[in-house]
Each structure stands twice: as C-alpha cells, then as structure tokens.
1. Scan the range 195-214 residue by residue and report those that are within 20 Å of Lys332 (Cα to Cα) and free of Cβ contacts under 8 Å to residues at least 60 places away in the same chain.
2. If we keep just the residues of the range 178-227 that are among the acidic types (Asp, Glu) and surrounded by fewer than 16 Cβ atoms within 10 Å (Cβ to Cβ), which is farthest from Asp337 (Cα to Cα)?
3. Given Leu165, Leu200, which one is assigned by TED's automatic domain parsing to the domain that holds Val136, touching a Gly at 6+ places or on another chain (Cβ under 7 Å) and within 19 Å of Gly119 (Cα to Cα)?
4. Quick one: in the range 298-336, which of the residues that are among the hydroxyl-bearing types (Ser, Thr, Tyr) and out of contact with any helix residue (DSSP H, G or I) (no Cβ under 8 Å at 6 or more places or on another chain) is surrounded by the most Cβ atoms within 10 Å (Cβ to Cβ)?
5. Are any residues in the range 74-120 surrounded by fewer than 18 Cβ atoms within 10 Å (Cβ to Cβ) and acidic (Asp, Glu), and if so, which ones?
6. Among the residues of the range 37-65, count how many are crowded, with 16+ Cβ neighbours inside 10 Å and more than 26 Å from Asp83 (Cβ to Cβ).
7. Val125 - would you say it is at pLDDT below 95, in the same structural domain as Leu200 (by TED's automatic domain parsing) and under 22 Å from the mean Cα position of the chain (by Cα)?
8. Going by the structure shown, is Ile70 at pLDDT below 95 and either over 16 Å from the mean Cα position of the chain (by Cα) or buried (at least 20 other Cβ atoms within 10 Å of the Cβ) (or both)?
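The values are calculated or read from the model by the stated rules, or taken from the named source; none is laboratory data. These numbers come from a predicted model, not from an experiment. Neighbour counts are summed over all protein chains in view; Cβ atoms, including those assigned to glycine, are modelled from backbone coordinates with ideal geometry.
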Amino acid sequence: MNTVTPRLFIAATEQDTGKTTMSLGLYAALSERLGRIGYIKPVGQRFTEVDGRRIDDDSLLMEAVFQPRIPIEHMSPIAVEPDFTRRYINESNHDALAKRIRNSFDRACWEKDFTIIEGSGHAGVGAVFDLSNATVARLLGSKVLLVTPGGIGRPIDEGALNKALFELEGVEIVGVVMNKVLEDKLEYVGDFARRGFRRLGIELLGVLPMQRMLAQPTLGQVAGKIQGAFHCNAAPAGIVAGEIVIGAVSSANLPGRLGAGTLLVVPGDREDIVLAAIAEAEGGKLAGLVLSDGLVPHPKLMQMLAESGLPVVVSPMDSYSIAKRIHSMRIKLQPGDTEKIQRVKDLVAAHVDIPRLLEKLGLGGGVWEGFGS
C-alpha cells in the first residue's frame, strides 16, 4: 500500500457534525498550498446507484465539485447497504474488505500530493464489521483531524472517548476543529474549548461559526421530501427555504409573517392566500410556495403564479405534515449548491489554522511524518 503520499483522516464525535464540510473546505484550501489532492471515503452509509455501483453521496459531491480524476468506485470502495452488517457477521470477510480499501486508497493517491480520507462518524462507527473509523485510520496509516459540534462540556467529553479509541489503534489525533458555534460566542467558546482540549493533549485548530443557510434545504430537496413536484417556475438549485410559514391566517395578516427566503405552505383552495403570495412575490419576500392537499387554484390564478416567477410546488400531503417533514430534514450538501459550497470553502479558509495543521502533519518543512517516513 502507498506509504509515501501525505494523508489526513477526517472523523467526528457524532453524526452530522461537519465531516463533509471539513473535507470539502480542506480540499480547497490544501489544493492552493500543496497541489493535487486525492479523496476517498472508505466506508459510506448513504449512497446512490451509479452504473450499477453503490457510490457514497459524499464521494459524488467531491467528484462533482473538484473533479479529482479518480475513478468514482475507488473514491467509495464500500457502501453499507441494508443487509451489509448481517452478511458480514455470517461471512466475516474482513481481509477482502481491507484489501479493497487499500487498493482504492492506492488509486486515490495516484499522482496526488495529499489525500483526504473522510470517515463515517465517530471513532467506533463500523466496529460491528471490524472497520471502525479508528481501524481504517490505522489501516491507511493516517493521523486524524477530529470535528466536534459547538459547546464546551459535551464536545470535550466526546473528544476524550474518541481519543481513547484512536489511541487503542495506535492512531494520533493531530487536532480538533469545533463546528457550528454561535457567532456571538466564538471567542468565549473557543477560549474554554482550547483550554479543555489541551488538558486531553489535543490542540484546537479552529472554531467555525454557525451558518444558518447551510442547514436550510433547497426547494428541490423540499419537493422530494414532501412527495411534491414543481408546477411552475422550477427553482434553480441554489434557492434555499428559510422560515416555513403555514398560510393559516387571513390574507390581510399574511404580509407581516413573511420575510426574505420564506417558504409559504398553503392549501391550494385558499385562493385569497395565494393572491396575497403573488403580491408578496413581487417584493422578493418569498422563496417559494407549496400548495398542499394536492389542490391547485383556478387556472387563471395558476397563470398568474407562473407569470409571477414564484416557484410553486404541489404536494398531496396536508400543510402540517409538510411542515413537520421539512423541519425534520437532515440537510446534506448537494453538487448544485454553489453558494453553500463557496461558503464552506470560505469558512474553512478563514477559521481553520491550515499552516498549523500542516505543521502537525510534518508538512511545514516539506517532510511528511507519516508511517514509513
């Protein structure tokens, strides 16, 4: 297996903490400093069928954004399908899986100056099939950057647990980055977190502020979640839904409840609310309109909606079920989320100490201090 190319394993203390955000931002930042960057997500849990292969969604995102010139099947060698764990317990084919990961890693490193390895959660995820993040990091001879959510007590507690498991595998955590910290508490939280992690022997390398827009779904994602379809003015990929407002008030009281980026949900037979929405669309307050219960207004009103430019989605679900589903959505970056992707790149560049990270990896002076060095 390749022992020459510098590498870094991105892990997290819990799900949806920001591994992909960190991987994407670091890829951009390191490309500027080091040159050609490779990427691999050895074990993926959310995947899409591509030419008969199950490919992790994060690998598809990185391929679309950066075009790293790596065969996509090597960026995502293992996809954990629904019966994967059961079959593994029956067959215990660890050697074959480990060989597949090593072979794909070699391909991800081919002609690259650095390779990012994205994990699948905290240190122990995957232990049930003998491929925990700690095990995979050891298998690939990589040091680890740990991503935690904002806070003081809980992130440090969870950091201690992850450190213990990585150390059990002989893997070093080079630093931690805290994500999703309230902007007005960046300095306060960062100060205490830095001192708290130092007590564990872990260096805090960055604190990223909470970005509300990164947690907001695009209208396309909303339509898919609520079994809906665009009736007119299909939204560009980048349009996000901010506040969700149910049109349960009178049309006269509606304007006071709307702000920029509002997604209005209303039964299609509430034509007074639809007319008010058309008026508000001209002022740029609405991101879109969802017509619930499978109902659509009079054809003349639908024509007015089409002419207004307001994206309109029709869903068979009722308004409150729609709102509940939207609020429960877990938002992942998509290839078409141009504005979000640029925001992620800017955040990592501004709030992560990249020079210190490279120094911790032994790259400050140009010599990688990885295994085999």
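1. The initial filter retains those residues of the range 195-214 that are within 20 Å of Lys332 (Cα to Cα), namely 208-214.
The one that is within 20 Å of Lys332 (Cα to Cα) and free of Cβ contacts under 8 Å to residues at least 60 places away in the same chain: Arg212.
2. Narrowing the range 178-227 to residues among the acidic types (Asp, Glu): 183-184, 187, 191, 203.
Now narrow it down to the ones that are surrounded by fewer than 16 Cβ atoms within 10 Å (Cβ to Cβ): 183-184, 187, 191.
On the way: Glu183: 23, Asp184: 26, Glu187: 29, Asp191: 33 Å.
The qualifying residue farthest from Asp337 (Cα to Cα) is Asp191.
3. Values: Leu200 fails: within 19 Å of Gly119 (Cα to Cα).
Matching residue, one of Leu165, Leu200: Leu165.
4. Looking at residues that are among the hydroxyl-bearing types (Ser, Thr, Tyr) and out of contact with any helix residue (DSSP H, G or I) (no Cβ under 8 Å at 6 or more places or on another chain), I get Ser319.
5. The answer is Glu81, Asp83, Glu91, Asp95, Asp106, Glu111, Asp113.
6. Narrowing the range 37-65 to residues crowded, with 16+ Cβ neighbours inside 10 Å: 37-45, 47, 54-63, 65.
Within this subset, residues satisfying the condition of being more than 26 Å from Asp83 (Cβ to Cβ) are 37-39, 62-63, 65.
Selection size over the range 37-65: 6.
7. Working: at pLDDT below 95: yes; in the same structural domain as Leu200 (by TED's automatic domain parsing): yes; under 22 Å from the mean Cα position of the chain (by Cα): yes.
The answer is yes for Val125.
8. Values: at pLDDT below 95: no; either over 16 Å from the mean Cα position of the chain (by Cα) or buried (at least 20 other Cβ atoms within 10 Å of the Cβ) (or both): yes.
For Ile70, the condition - at pLDDT below 95 and either over 16 Å from the mean Cα position of the chain (by Cα) or buried (at least 20 other Cβ atoms within 10 Å of the Cβ) (or both) - is not met.
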